[in-house]
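Structure, as structure tokens:
The values are calculated or read from the model by the stated rules, or taken from the named source; none is laboratory data. Since the structure is predicted, the reported quantities are computational estimates derived from the model, not experimental observations. No Cβ is skipped: glycine too gets one built from the backbone with ideal geometry, and neighbour counts run over all protein chains shown.
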Amino acid sequence: MLARSSLVVLALSLTGLLAPSWAGAEDGRTKVGPAGGEGGEAFADKQLPKGAKVVGVKIRHGLYIDGIELLYKTADGKKEGLDWHGGDGGEEETFLLEEGEFITGITGKTGEYVESLRIVTNKRKSRNYGGDGGDKTFELQKSGEEVTGFCGRSGAVLDQIGIFVRKQP
């Protein structure tokens, strides 16, 4: 026989009031996603250092997204990257944020890999990185929050992508 608290959780799950399995809290951040294939190895960016601010994203791309890294500036002004995810194929580009701008989410298309990606900020959208393939579209963001890291799966390419978000400070 189910306990009363189990029945409440079951009822909330069935009515959709509980967060979906792709959204969850981890280390004070909320995870949104992932989208994409199941190849490669799992990864999750560590939290930004105290006082750090996201300043951009480095992307390698061609027919799909080869790799990605979130860039940040430390409290003492040094520019660093969290971690590189994926391979070294394709063309490298860096999307830099302007003063007062922050990343609110990402959109794109997936198939077996992350085929294309666009960065969305509170002020604009980046150009489309990657190719024209992919049979599934995705949009990963959480209203009023900023992206502070990536998660997913990667190997020689970016197989899957998700984001970590937090409330804008």
For segment 146-169, enumerate the residues that are out of contact with any Gly (no Cβ under 9 Å at 6 or more places or on another chain) and charged (D, E, K, R). Glu146
Looking only at segment 110-155, how many residues end up being in contact (Cβ under 8 Å) with a residue 40 or more places away in the chain and not in a loop (DSSP other than H, G, I, E, B)? 22
What number of residues within segment 1-45 are assigned to a loop (DSSP other than H, G, I, E, B), over 15 Å from Glu146 (Cα atoms), among the small types (Gly, Ala, Ser) and modelled with pLDDT of 50 or more? 3
Could you identify the single residue in Thr94, Thr107 that is surrounded by fewer than 18 Cβ atoms within 10 Å (Cβ to Cβ), without any contact (Cβ under 8 Å) to a residue 40 or more places away in the chain and in a strand (DSSP E or B)? Thr94
When you check Leu158 against the structure, is it closer than 15 Å to Gly37 by Cβ, out of contact with any Ser or Thr (no Cβ under 6 Å at 6 or more places or on another chain), surrounded by fewer than 20 Cβ atoms within 10 Å (Cβ to Cβ) and modelled with pLDDT of 95 or more, yes or no? no
Please find, within segment 46-83, the residue that is nearest to the chain's Cα centre (by Cα) out of those that are more than 20 Å from Val157 (Cβ to Cβ), of a type outside the set (A, V, I, L, M) and assigned to a strand (DSSP E or B). Gly56
